[in-house]
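What follows is a short report on a single structure.
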2 protein chains.
Amino acid sequence: MIETMPNWLKKRSELSPHREALIHEDHTYTFLDVFEEAKAYTGKLGILGLQKGSTAAVLFSNQADSVFILYALQMAGIKAVILNNRLTSEELSWQLEDCEAEVLVYESGFDEKVAGISSGVKFVSTAKLKQLKDSDPLILDEYDLNVVTTIMYTSGTTGNPKGVMQTYGNHWWSANASALNLGLHEQDKWLCTVPIFHISGYSILMRSQIYGMPIVLHSSFDEKKVIEDIQRYDITIMSVVSTMLRRILDELGAERLPPALRCMLLGGGPAPLPLLESCIEKEIPVFQTYGMTETSSQFATLSPEYSIERLGSAGKALFPNQIRIVDGDGQDVPSGAEGEIVVKGPNVTIGYLNRPDETADKIRERWLHTGDIGYIDGDGFLFVLDRRSDLIISGGENIYPAEIEGILLSHPGVADAGVIGAPDEQWGQVPVAFIVKSETGVSDEDLLALCERKLAKYKLPKEIHFVESLPRNAAKKLLRRKLREWLEAKDDGVGH
Amino acid sequence: MIETMPNWLKKRSELSPHREALIHEDHTYTFLDVFEEAKAYTGKLGILGLQKGSTAAVLFSNQADSVFILYALQMAGIKAVILNNRLTSEELSWQLEDCEAEVLVYESGFDEKVAGISSGVKFVSTAKLKQLKDSDPLILDEYDLNVVTTIMYTSGTTGNPKGVMQTYGNHWWSANASALNLGLHEQDKWLCTVPIFHISGYSILMRSQIYGMPIVLHSSFDEKKVIEDIQRYDITIMSVVSTMLRRILDELGAERLPPALRCMLLGGGPAPLPLLESCIEKEIPVFQTYGMTETSSQFATLSPEYSIERLGSAGKALFPNQIRIVDGDGQDVPSGAEGEIVVKGPNVTIGYLNRPDETADKIRERWLHTGDIGYIDGDGFLFVLDRRSDLIISGGENIYPAEIEGILLSHPGVADAGVIGAPDEQWGQVPVAFIVKSETGVSDEDLLALCERKLAKYKLPKEIHFVESLPRNAAKKLLRRKLREWLEAKDDGVGH
């Protein structure tokens, strides 16, 4: 029944115009500044022919103008397809075709990548967009919570990336659920070093405007700068993935982070126990979370009072959210038993762009079937065992083996291909490929060259092993567990 | 699209079972305790024949069991008509008939009042309810945000009390909007001395379960006990009306309240400037608010950063809310100009029980026409000048002149009657009546006796003036402004 609320950034600029909103490379912008900057961009987007209901793609890094443009798109009611800037031209082309964006706004640093894009989309650089003359701003007075505002691509087990649609309401509920869990202090300041093209970074922008909270935005992750800025700006909350946290700890050495830092929000897959233990030693308040693009960020978080007692748990579903663990038939399993994690809540996506079948398959009676494996203990705490069975998480980025396998199989010299994640000290996991050659034959250099053309760098296999055949079951399904055993055997042979 | 979320109290008891939830007369109940107590009551309510969708009325004071029963009704999906315990048997009878409640649950202290009720409703005392045997609990797994959970009666300008319907969603949004404005600290503890049968008190219960925040509940307002308990329990937030705040200040004398008290939430009508100035002197952080039963509590609040600069303002509409000032034709007036306050937001009632015409008249395209008069200054701050033109607010209770006039006119000795609010040092305002006798004639003692039978004590006219005729315009509309002038002239004659 209640579907609308006031335009968030406009409302925020009216409620607390002079509060700090964004700090980026020594510039500080108030909420009024950010609103004015974004408002100016809405007029320029209009000149490009975009309007309420249009779809525009964006390709940029963590810059102040990226933030303004994201806000502009949201305020104008233009759906933003937020592209991962680490993808190759080929990957980007596919997503641009799939989402049917009318315009691609890109940061000048990505010129070369954009030049390689084969898509009918209209391009405009942020520099050029900025130079367009001012025009009547396109500003919604109200947001309809049921309307889609962002689309973020995630790959799936089938190998095809899918556009996850997130509504205004998804982001609103996510921000509120997080506040109810973490609390909301007047002095809160969130350090964002995660990409704003990911839900982890984008959700920080949403919280900023909804809470009226400043964010300190880093263009990229640099542990030295992180430690400096936590001190310098009295940062209270920071979002990290394991790799980042590890690097912060290493950089800290014998030092400690200031006690004002009240929350280190750790997402992006299960965290290694030794890392969590190091944090406890250093009194870094780690809140382990579970979430994904489909849940518009955090879905479950370990409450502060349990952070030590239930080390390694992702906690409980946030206040508006529900989690069940089900077996293959969709039946609830007893507490303590493993099964698929299924989730329900107002921050869960309404579905995948232009994919009604996959949406219907994944979301049944509003329950999203995540494909992740876990269990809930006797006291209701969630433990995530494995992300989407075959998902590889490398430095916080999701990598789907099927996508890499598809590329490898496209080479005439490859008869069969299997990819798994191998443990890696720095990145958590890295992809490793197993190849069965065809009669034509192929070298690992050839395959790597092919992958480099087709895949983002973080997806490149770090090892390629040639084998006689791949382990497949009667239904020809690849047995990745067997591959992992092979890898372990190989590593043992080589020795660490 | 998103209409459901988990049962709040159940969810809260799972998320933070061992946190303090309710402190009342030296007893402390955790969220698990409160859930278990309320759950037991749901089974007992079932024995009375109540079930999801039923309507039950409650008549009680601020007791722990009152809280448990209110939660039980909410968890069972039984609509709760929360009656004002200061009303007379006759007033209560009217509301019970109007709302068609199946059962009235009442506190034993109100035996006599209940004995006087002439309504076919089934009665059961809380004591008796408690003694019923345990039965299968009636607990909703999820709340549908569009469903009505509470009904609170307010009188209107027409004299007939109307049941304001509040949905789960209204309360949810109200609690969230308040948190976004006031922040949410782990150590927050709310002192509730306002009646839980009013939205001011009931909304504190909603915040308690949604935030996971303890409340200290007083059975009634006692300034000595307030000052003691603020110290004793490290209270951080308290809801007050002007009369209460005045009494706290008087009791404090040269003392001060502890600095942990971070918010004195002041509602119930415009506050006198000298009172606000005294609070600034004593560093009591007053947040002046504007809200009503129809907005499920606070709608606008003055942000902390402006509390001194805009003294006397009720601030700006909370994040999800909007306010406009309109003229008689419903057109927006320029900033600074007076007009009717109209409000829109997800915490605004869906309407009046069984009164589609009045609902349609008051709520147009989701904008509630409050009847209150005010203006918005050039910077967007709301100033409330007059509540509903003729509304009298006495010690935080709303009194509608038309209701008293209706009673007076029912006496054969009265030809015409007009009631207005007169300024009063202790209560803010008190009702004063002007009477034109009929040929039969009547004494003021007779009229007072009649009022005492029919009206709650706080509604009794404090003065009755007999006059030749009442000032009415051509359309026979009573000119209350003229009556106020008459009163001032009289007072000046008598001298203060």
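The values are calculated or read from the model by the stated rules, or taken from the named source; none is laboratory data. Being a predicted model, the structure only gives us computed values, none of them experimental. All Cβ positions, even for glycine, are placed from backbone atoms using ideal geometry, and neighbour counts span all protein chains on display. Quick note on the areas: whole protein, heavy atoms, side chains included, nothing else; ligands and nucleic acids left out. Shrake-Rupley method; radii C 1.70, N 1.55, O 1.52, S 1.80 Å.
Some observations on this one:
- Residues located in the range B:95-113, provided they are in contact (Cβ under 8 Å) with a residue 12 or more places away in the chain and more than 15 Å from B:VAL81 (Cα to Cα): B:SER108, B:GLY109, B:PHE110, B:ASP111, B:LYS113
- All conditions in (1) without any contact (Cβ under 8 Å) to a residue 24 or more places away in the chain; (2) assigned to a loop (DSSP other than H, G, I, E, B); (3) away from every other protein chain (no Cβ under 14 Å) hold for A:ALA271, with the sole exception of (1).
- Identity of the residue in the range A:112-136, over 23 Å from A:ALA64 (Cβ atoms) and hydroxyl-bearing (Ser, Thr, Tyr), that ends up least open to solvent (accessible area, probe 1.4 Å): A:SER119
- Test: B:VAL414 is more than 28 Å from B:GLU463 (Cβ to Cβ) and either open to solvent by less than 40 Å² (accessible area, probe 1.4 Å) or within 14 Å of chain A (Cβ to nearest Cβ) (or both): no
- Meets criteria (over 20 Å from the mean Cα position of the chain (by Cα), buried (at least 19 other Cβ atoms within 10 Å of the Cβ) and of a type outside the set (S, T, N, Q)) for A:ALA360: no
- Qualifying residue in the range B:430-451 (condition: within 26 Å of B:TRP94 (Cα to Cα) and modelled with pLDDT under 90): no
- For the range B:432-439, the criterion of being surrounded by fewer than 16 Cβ atoms within 10 Å (Cβ to Cβ), at negative phi and small (Gly, Ala, Ser) is met by at least one residue.
- Check on A:ILE117, β-branched (Val, Ile, Thr) and either in a strand (DSSP E or B) or in contact (Cβ under 8 Å) with a residue 40 or more places away in the chain (or both): no
- Restricting attention to the range B:212-242, the residues that are within 18 Å of B:GLN288 (Cα to Cα) and free of Cβ contacts under 8 Å to residues at least 12 places away in the same chain total 0.
- Look at (1) within 20 Å of A:SER278 (Cα to Cα); (2) open to solvent by 70 Å² or more (accessible area, probe 1.4 Å); (3) at pLDDT 95 or above and you find that A:ASP234 fails only one, number (1).
- Strands (runs of 3 or more DSSP E) within the range A:308-425 that include 1 or more residues farther than 30 Å from B:TYR211 by Cα: A:339-344, A:367-376, A:382-386, A:392-394, A:397-399, A:414-424
- Filter result (in contact with a strand residue (DSSP E or B) (Cβ under 8 Å, 6 or more places away or on another chain), open to solvent by 30 Å² or more (accessible area, probe 1.4 Å) and more than 14 Å from chain A (Cβ to nearest Cβ)) within the range B:363-402: B:ILE373, B:TYR375, B:PHE383, B:LEU385, B:ASP386, B:SER389, B:ASN398
- When A:ALA38, A:ALA57 are checked against the criterion of being assigned by TED's automatic domain parsing to the domain that holds A:THR126, under 24 Å from A:MET152 (Cα atoms) and in contact (Cβ under 8 Å) with a residue 60 or more places away in the chain, a single residue qualifies: A:ALA57.
- Test: residue in the range A:3-23 that is free of Cβ contacts under 8 Å to residues at least 40 places away in the same chain, within 22 Å of the chain's Cα centre (by Cα) and either within 14 Å of chain B (Cβ to nearest Cβ) or surrounded by 19 or more Cβ atoms within 10 Å (Cβ to Cβ) (or both): no
- Pairs meeting the criteria (first residue in the range B:342-365 and free of Cβ contacts under 8 Å to residues at least 60 places away in the same chain, second residue in a loop (DSSP other than H, G, I, E, B), beta carbons under 6 Å, at least 6 apart or on different chains) are B:LYS344/B:ARG366.
- Filter result for A:GLU277 (in a strand (DSSP E or B), of a type in the set (Asp, Glu), away from chain B (no Cβ under 13 Å) and open to solvent by 30 Å² or more (accessible area, probe 1.4 Å)): no
- Every test in (1) in contact with a strand residue (DSSP E or B) (Cβ under 6 Å, 6 or more places away or on another chain); (2) in contact (Cβ under 8 Å) with a residue 60 or more places away in the chain; (3) away from chain B (no Cβ under 14 Å) is passed by A:GLN166 save one, and that test is (3).
- The set of residues in the range B:283-336 that are open to solvent by 40 Å² or more (accessible area, probe 1.4 Å) and at positive phi comprises B:GLU283, B:GLY336.
Results for (1) surrounded by fewer than 21 Cβ atoms within 10 Å (Cβ to Cβ); (2) under 18 Å from the mean Cα position of the chain (by Cα), shown as yes or no for each residue.
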{"site": "B:TYR211", "(1), (2)": "no, no"}
{"site": "B:LEU217", "(1), (2)": "no, yes"}
{"site": "B:VAL241", "(1), (2)": "no, yes"}
{"site": "B:ASP250", "(1), (2)": "yes, no"}
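- Being part of a loop (DSSP other than H, G, I, E, B) and hydrophobic (A, V, I, L, M, F, W, C) holds for only one residue in A:LEU73, A:LEU138, and it is A:LEU138.
- Of A:LEU252, A:LEU245, all but one fail to be within 21 Å of A:SER297 (Cβ to Cβ) and either without any contact (Cβ under 8 Å) to a residue 60 or more places away in the chain or in contact with an Asp or Glu (Cβ under 8 Å, 6 or more places away or on another chain) (or both); the exception is A:LEU245.
- Test: residue in the range B:58-76 that is at positive phi and open to solvent by 50 Å² or more (accessible area, probe 1.4 Å): no
- Residue that is modelled with the lowest pLDDT [pool: residues in the range B:160-171 that are open to solvent by 10 Å² or more (accessible area, probe 1.4 Å) and over 17 Å from B:THR55 (Cα atoms)]: B:ASN160
- Failed item, numbered, when B:VAL342 is tested on (1) touching an Asp or Glu at 6+ places or on another chain (Cβ under 6 Å); (2) at pLDDT 95 or above; (3) surrounded by fewer than 23 Cβ atoms within 10 Å (Cβ to Cβ): (1)
- Test: B:GLY201 is open to solvent by less than 10 Å² (accessible area, probe 1.4 Å), within 14 Å of chain A (Cβ to nearest Cβ) and either under 18 Å from the mean Cα position of the chain (by Cα) or small (Gly, Ala, Ser) (or both): no
- Within the range A:24-55, the set of residues being part of a helix (DSSP H, G or I), open to solvent by less than 20 Å² (accessible area, probe 1.4 Å) and away from every other protein chain (no Cβ under 14 Å) comprises A:VAL34, A:ALA38, A:TYR41, A:THR42, A:GLY43, A:LYS44, A:LEU45.
- The residue of the range B:172-187 that is surrounded by the fewest Cβ atoms within 10 Å (Cβ to Cβ), among those that are within 9 Å of chain A (Cβ to nearest Cβ) and in a loop (DSSP other than H, G, I, E, B), is B:GLU186.
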